[in-house]
Every structure is written in C-alpha cells, then in structure tokens.
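Right, one structure below, let's go through it.
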Amino acid sequence: MELTVKNGHLFWDGCDTVDLAKTYGTPLYVFSQSIIEERCQELRRDFVDKYENVRVAYASKAFSTMAMLKIIEKQGFSLEVLSDGELHTALQAGFPVEKIEINGNNKSMVELEMAIDHGVGRIIVDSLQEVDLISAMAQEKNKTVNILFRITPEVNVATHSFISTGQKDSKFGIPINDDILFPQVQKAIEAAGINFLGFHFHVGSQLSDNSAHLGAVDIALDLVKMVKERFDYEISELNFGGGFGVRYTDEDIRQPFAYFLAPMMDKVLAFCEKENYPQPAVVIEPGRSIVAEAGITLHTIGAIKELPGIRKYVSIDGGMTDNIRPGLYDANYTGVLANKADQAAAETVTVSGKACESTDILVKDLELPNVETGDIFATFSTGAYGYSMASNYNKLAIPAVVLVKDGQADLIVKRQSLDQMIQNEVIPESLK
Ligand SMILES: *Cc1c(COP(=O)(O)O)cnc(C)c1O
C-alpha cells in the first residue's frame, strides 16, 4: 500500500487525517474524490471510450449518498439502484432519471410504481410476477417500460459463498429453463407497455479471476441465440453486472478493469460477427471497484486490554456498526496509526470494536507501533459497503462522511445525533 505521510501523519488526498479526526470527530469515513475519479477514468479509457454503445451504471448500494451520485453523474455514468430509498437518493441528487436502472429480487408495488412514474431507464426483472405487473402499470399510466431479465448463469464463483450470486441455487435471477424463463420472454415480447431489451447477470462480488464473468458471457450469448431462433427476436442490450475485486490487504489483487472487460467484449464482438447479429449495448455495474479503495475510516483508540500470553485488544470507538464486513463474512482489513504513520511496528494487537458481539473484531493480529489511548486508527479500503451497511446497533450513531480532494475537505454526511436516533420513536399514552 502506497501511503502519503507528512510530519508523522497519514495524509489522504492531500488532507491530514489527524486534523480531520479532530475537526469532524471519530468514527469518520473519509473518501478521496481523486481515487474515485481515477477509477472512473480507467473505466472510461478501457471501456466507455474503447467500444461503441457501452455504458457504466454505478451500483449505488456500495456507497449511496447524494454527493457521491453527483460525482458519478459528472462522469457521464448511469446508475443502478435497488430500492425506493436508493431511487429517492438519486432523484433528490438530481440524477437524470432515464439513466437510472432498478434491480431487485423483490421489488414492491410501491417501488415499481415509483420507478415507472418517474420514468427510470430500465427495470431489471428478477421475478416471475413482474412482467404482468409492469405491463399492467405501464398501460394504466400510458407508458412504455424498458426491461431486461436477470438470469442465473449457473457459474461457480471463486469468492466467499455469502457474496456469490450466480449459482443455480440462488434467490437472484431467473433460471435459464424452458419452463421458467422462456414463457417470460415470450410474454415480454408480446406484452403491451413493455419494451424487452435483453438480459442481465451479476455473478458475484470481490472477484480477482475473470473465469466466472467469461463463463456467464458465453451462457448469455447462447441464450441470445436461442431467443433469436425461438422467437425471431433480436435483443438490444446485455448487462454484465459488477463484481470486480479490490485490494483490502496486501494479499488481495486488484485486476485492471480491462482484465475482465476486454475478453468479455471480445466474446460479444466475435458472437455478433459470427452470427451476423446487430451489436447490443453492453452495460456493466461496478460498485465496490469504484469506491472501496477511495474510502478509509478513522477511529480513536480507547481501552487497551492485554491478556498475557493470549493477545492484546485495542478498542476503537466504532466497529461492526460502521463496518460489518469482518463480522458478516470474515472480511480482512488492514490499517495504520494515522498519528504515528512514520513509526515502525512494535507490537501485535487485535483491533476490536465496541459493540456487544464477539465477532466485532475489525483486524486480528495487526502489527502497529506502540498503541496508546487517543491514537487515531485508520482502516483502509472501507469505501464500499461500510457506510452503506452501517447500523445503529447498541444505539451507536452513524458516523459523518467527509469527501477530500487535493487538500480540500467537505462534509457530505453529518454525524447522526442522539436525538435523530430516537426521533421516530413514540411512547404510547399507556406507558407515560
Ligand atoms: C451488488 C451488485 C452490483 C455491484 O457489485 P460490486 O461487487 O460492488 O461491483 C452490481 N449489480 C448488481 C445486480 C448487484 O446486486
């Protein structure tokens, strides 16, 4: 990991992280706008500008805040949302609605209605009830809705089983099957109010090997051919999801986007050439790979507990409430003491959170300089699925978020106040 250290302090996109911790308090999420923009530039160079008719739709669940969506909009990217809340955030940020697509294996009537009323660009169908529902709603509202089907490509994925989504037994996607998918396809082709564009898959997350993506592209292209043969219908769009891996620790590899996308696009282009098929639009939905490495979290070290001969616990003023990934799927992280960033390692400690769960351990057996109460601990690569999965467990407040660029810092999410945490609570008369 390449770090910028000045006067012993860790700097992040030109800002002194120790100063940020002082100014905004801890826990604090800090996002480097420059790193987010670098990832977007790489996507533009190796995908958007390299091929015709391709788009990037940022998977907003990785980190959905209005400021973040503004950065994405300025890149000219589209947006992928999953819920009314993510759609609302996008609409409130002024994101162009025709560039929004909505996914989800259980969209509510309210969400479908909201999506259709506002005129989202695409609805990605992931249930057997949706085509009828969308068709009825679209006709009632005198609209035409673009849809794709999310398919289950049935590829095995080399990632933690909890974040693998493309296998046969999955709540995600529609199995490619004569009895299940094809009647839906026929319906979509014929139904009023529906413009059937094509197919979508998302094989899993945090992948550093392209074989699952490539296998899924083959399966999707076979399907495209079958649909042409059976229904004499040419699809116009394919969506290959996200899942491109990032570096959490030095053991992880972050492959360049082109490692995945170049061979995937080669397959599509070769297929079109061979089958004399009009080149469909190709969309990808990266989430983690755009924001994960841009974000760090700052915590203040509090209690230090040495269990002689066992381990030394150093506790932070947050934990699973601002980063549930270690507890949820054994995710590994690394970090440094931001105020002692130039000091050599002197001891091995376990960084633990303050929530009442034994799994609330942020980093096990980490080498750090001598840890003292009051030190600032910076965890790397927390930009994706950190803030977005934050909770109020133990009634800990959701931390603030700061966006930094070239030494300039802006607060983009204020720290939740204690009163905000209970603002929706009501004591019934009978208990007063
Ligand atoms: C989560 C998700 C993504 C983004 O995945 P990353 O691993 O963050 O890139 C894209 N598409 C769909 C449908 C998803 O569920």
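The values are calculated or read from the model by the stated rules, or taken from the named source; none is laboratory data. Keep in mind the model is a prediction, meaning the values are calculated, not measured. A quick note on method: Cβ atoms are made from the backbone with ideal geometry, for glycine too, and the neighbour counts reach across all protein chains shown. Note: areas computed on protein heavy atoms with side chains; ligands, DNA, RNA excluded. Shrake-Rupley method; radii C 1.70, N 1.55, O 1.52, S 1.80 Å.
For residues that are within 15 Å of the ligand (Cβ to nearest atom) and in a loop (DSSP other than H, G, I, E, B), scanning just the range 93-120, find the one that is surrounded by the fewest Cβ atoms within 10 Å (Cβ to Cβ).
Within the range 93-120, the match that is surrounded by the fewest Cβ atoms within 10 Å (Cβ to Cβ) is Asn106.
Just to be sure I understand, how many residues within the range 198-209 are touching a His at 6+ places or on another chain (Cβ under 9 Å) and either among the acidic types (Asp, Glu) or open to solvent by 10 Å² or more (accessible area, probe 1.4 Å) (or both)?
Number of matching residues: 2.
Exactly one of these conditions fails for Gln41: (1) touching a His at 6+ places or on another chain (Cβ under 9 Å); (2) surrounded by fewer than 19 Cβ atoms within 10 Å (Cβ to Cβ). Give me its number.
It is condition (1) that Gln41 fails.
A quick yes/no check of all residues on (1) buried (at least 16 other Cβ atoms within 10 Å of the Cβ); (2) assigned to a loop (DSSP other than H, G, I, E, B):
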site: Phe182; (1), (2): yes, no
site: Phe196; (1), (2): yes, no
site: Met226; (1), (2): no, no
site: Ile235; (1), (2): yes, yes
site: Leu238; (1), (2): yes, no
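Which residue, of Ile124, Ile134, Ile72, Ile100, is out of contact with any helix residue (DSSP H, G or I) (no Cβ under 6 Å at 6 or more places or on another chain) and within 24 Å of Ile36 (Cβ to Cβ)?
Within the list Ile124, Ile134, Ile72, Ile100, the selection yields Ile72.
Limited to the range 1-19, what total is found for residues that are in contact (Cβ under 8 Å) with a residue 12 or more places away in the chain and outside any loop (DSSP other than H, G, I, E, B)?
Number of matching residues: 7.
Name the single residue that is least open to solvent (accessible area, probe 1.4 Å) among those in the range 165-176 being at pLDDT below 85 and away from the ligand (no atom under 16 Å from the Cβ).
Filtering first and then ranking leaves Asp169.
Is there any pair with a first residue in the range 364-379 that is at positive phi and a second that is assigned to a strand (DSSP E or B) whose Cβ atoms are under 7 Å apart and which are 6 or more apart or on different chains, and what are they?
Asp365/Thr348; Asp365/Thr350; Gly374/Thr300; Gly374/Ile301
Within the range 220-243, which residues are in contact with a Gly (Cβ under 6 Å, 6 or more places away or on another chain) and within 16 Å of the ligand (Cβ to nearest atom)?
Glu237, Leu238, Gly242, Gly243
What pairs come up if the first residue lies in the range 338-353 and is charged (D, E, K, R), the second is in a strand (DSSP E or B), and their beta carbons are under 6 Å apart, counting only those six or more places apart or on different chains?
Once the first residue is charged (D, E, K, R) and sits in the range 338-353, its partners that are in a strand (DSSP E or B) give Asp342/Val5.
With the structure loaded, tell me whether Leu82 is within 15 Å of the chain's Cα centre (by Cα), open to solvent by 30 Å² or more (accessible area, probe 1.4 Å) and either within 15 Å of the ligand (Cβ to nearest atom) or assigned by the TED database to the domain that holds Ser236 (or both) or whether it fails that test.
yes
In the range 244-259, what residues are small (Gly, Ala, Ser) and within 13 Å of the ligand (Cβ to nearest atom)?
Once the filter is applied, which keeps residues that are small (Gly, Ala, Ser) and within 13 Å of the ligand (Cβ to nearest atom), the range 244-259 yields only Gly245.
Leu396 - would you say it is of a type in the set (A, V, I, L, M, F, W, C) and buried (at least 17 other Cβ atoms within 10 Å of the Cβ)?
Yes, satisfied.
Find the strands (runs of 3 or more DSSP E) located wholly in the range 273-380 whose residues include 1 or more that are within 16 Å of the ligand (Cβ to nearest atom), and list them.
Once the strands (runs of 3 or more DSSP E) in the range 273-380 are filtered for at least 1 residues that are within 16 Å of the ligand (Cβ to nearest atom), what remains is 281-284, 295-307.
Does the range 415-424 contain any residue that is more than 16 Å from the ligand (Cβ to nearest atom), assigned to a loop (DSSP other than H, G, I, E, B) and among the acidic types (Asp, Glu)?
No: zero hits.
Condition (residue is of a type in the set (Val, Ile, Thr) and open to solvent by less than 10 Å² (accessible area, probe 1.4 Å)) applied to the range 210-222: is it met by at least one residue?
Within the range 210-222, one or more residues are of a type in the set (Val, Ile, Thr) and open to solvent by less than 10 Å² (accessible area, probe 1.4 Å).
Which of (1) over 30 Å from Glu86 (Cβ atoms); (2) open to solvent by 50 Å² or more (accessible area, probe 1.4 Å); (3) without any contact (Cβ under 8 Å) to a residue 40 or more places away in the chain does Arg311 not meet, given it meets every other one?
Result: Arg311 fails condition (3) only.
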